[in-house]
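Only one structure is covered here, and it is reproduced in the block below.
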Amino acid sequence: MTTASVMTHDEIHAWIVDTLHEMFELDKAKITPQANLYTDLDIDSIDAVDLAVKLKQLTGKRLQPEVFKTVRTVQDVVDALVALQAEQ
């Protein structure tokens, strides 16, 4: 994902699934839109920060702290990236 490309919801979701799978060795079948990052996928606060850094590296933009704090599910991450993309 680059700042020059515009991705659909489905493309962003697929990208997030791949990223979570690669970063945390999660089973892709468990990474559903409704999956809670913390309770369902066992991502802790340090992992969440690592994810935020990865998102910034790949998008070129940083999620605002107030947005980052509200992210709980995979769909929340997708929605946050869609909104971030819309700002560009």
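The values are calculated or read from the model by the stated rules, or taken from the named source; none is laboratory data. Here the structure is a predicted model, which means the values were calculated and not measured. Note that we place each Cβ from the backbone using ideal geometry, even for glycine, and neighbour counts take in every protein chain shown.
Evaluate the following for L84: is it without any contact (Cβ under 8 Å) to a residue 40 or more places away in the chain, outside any helix (DSSP H, G or I) and either crowded, with 16+ Cβ neighbours inside 10 Å or in contact with an Asp or Glu (Cβ under 6 Å, 6 or more places away or on another chain) (or both)?
No: the conditions fail for L84.
Starting from residues that are at pLDDT below 90 and acidic (D, E), keep the ones in the range 65-88 and report whichever is farthest from P33 (Cα to Cα).
Going through the qualifying residues, I end up with E87.
Can you tell me how many residues in the range 45-70 are more than 13 Å from the chain's Cα centre (by Cα), of a type in the set (V, I, T) and under 14 Å from L84 (Cα atoms)?
Residues in the range 45-70 being more than 13 Å from the chain's Cα centre (by Cα), of a type in the set (V, I, T) and under 14 Å from L84 (Cα atoms): 0 in total.
Hey, among L51, L37, L81, which residue is within 14 Å of T19 (Cα to Cα) and touching a Lys or Arg at 6+ places or on another chain (Cβ under 8 Å)?
Going through L51, L37, L81 in turn, just one is within 14 Å of T19 (Cα to Cα) and touching a Lys or Arg at 6+ places or on another chain (Cβ under 8 Å): L37.
So if I check each of D18, D42, which one is loosely packed, with under 14 Cβ neighbours inside 10 Å, under 11 Å from the mean Cα position of the chain (by Cα) and at pLDDT 95 or above?
D18
Determine, yes or no, whether D50 is over 17 Å from D10 (Cα atoms) and in a helix (DSSP H, G or I).
yes
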